[in-house]
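Quick note: the coordinates plus some simple rules give every number you see, no bench work behind them. What you see is a predicted model, and the numbers here were worked out from it, not measured in a lab. Counting neighbours? That spans all protein chains shown, and the Cβs are built from the backbone with ideal geometry, glycine included.
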Amino acid sequence: MGQRESGLRKKMSKSETKLRIVKKGAQLVHAKGFNNTGIQEILDAAGIPKGSFYFYFKNKEDFGLHIIEHYGEILVANALVHLCDSTLTPLERIDRLLETNQQRFEKLNFKYGCPIGNMMQEMADLNDSFRERITQVYSKLSACIEVCIREGQETGHIPAKLDAEETAHFIMNSWEGAIMHMKLTKDERPLTACRKHVKDKLTSE
């Protein structure tokens, strides 16, 4: 094995291990919160030796920023799967996105909520780096919805009078609020009501 190939394998191994720590840690943080999740707990879940954390991350804040990026990539990718589905109208795509997320929460017995939303509630007032990174995720998700709304306006499925950017923010804000209420009621009613009002908003003349 050449020196270059050996170095590449080590780099890949480090990258894979780092991703495993992020994935396992993200699950813990989603369930318990960022401040309630300890570094040793994260390492134990990932099967990484004690003391190895700082080989992969500068500190816990750096780790938290990686979690936000990780979940952000998942949420945006999931949104695009539905919002780019050309077999559905733009209006149907937006509702399908909300519907599939509602089904995911139902499988979790309406616990835990949105990982990015949870992080926002816990850390936005405490850490500007977290707030800025979460804002980037929300902006990307909102932009995806906005593009779908504009397409719907071009095809006549969504009223042209609506401000696409403002409406996309309305959907994001309403859905996150519904998720918070869902965690309180432990049932689907807040999500179902939100989907109805979003649909009413997108079809109002």
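Under a GNM of the chain (C-alpha, springs under 10 Å), which listed residue has the highest mean-square fluctuation: Ser52, Ser142, Ser129?
Between Ser52, Ser142, Ser129, it is Ser52 that shows the largest mean-square fluctuation.
Enumerate the lysines that Lys186 could reach by cross-link, defined here as Cα to Cα under 21 Å, with residues fewer than 8 away along the same chain left out.
Of all the lysines, those that pass the test against Lys186 - Cα under 21 Å, at least 8 places apart if same chain - are Lys32, Lys107, Lys111, Lys196.
For helix 189-203, what angle does its Cα long axis make with the longest principal axis of the chain, in degrees from 0 to 90 and rounded to 10?
The angle comes out at about 50 degrees.
Within 12 Å, Cβ to Cβ, of Glu99, how many net charges do the neighbouring residues add up to if Lys/Arg are +1 and Asp/Glu are -1? Before the final figure, lay out each step's value.
Details: positive: Arg93, Arg96, Arg104, Arg195, Lys196, Lys199; negative: Glu92, Asp95, Glu106, Glu188.
Computed value for this residue: +2.
Less than 19 Å apart at the alpha-carbon level, and either on another chain or at least 8 residues along: which aspartates and glutamates does that give for Lys24?
By straight Cα distance, Lys24 reaches Glu16, Glu41, Asp44, Glu61, Asp62, Glu69, Glu73.
Given only helices, namely DSSP H runs of n ≥ 4 each adding -39500 (n - 2.57), what is the per-residue ellipticity at 222 nm of the chain, to the nearest 500 deg cm²/dmol? Walk me through the numbers before you get to the answer.
Numbers: 9 runs with 158 residues, N = 205.
So the helix-based figure for the chain works out to -26000 deg cm²/dmol.
Counting every Cα pair in the chain, what percent are over 25 Å apart?
Working: 9638 of 20910 pairs.
Percentage above 25 Å: 46.
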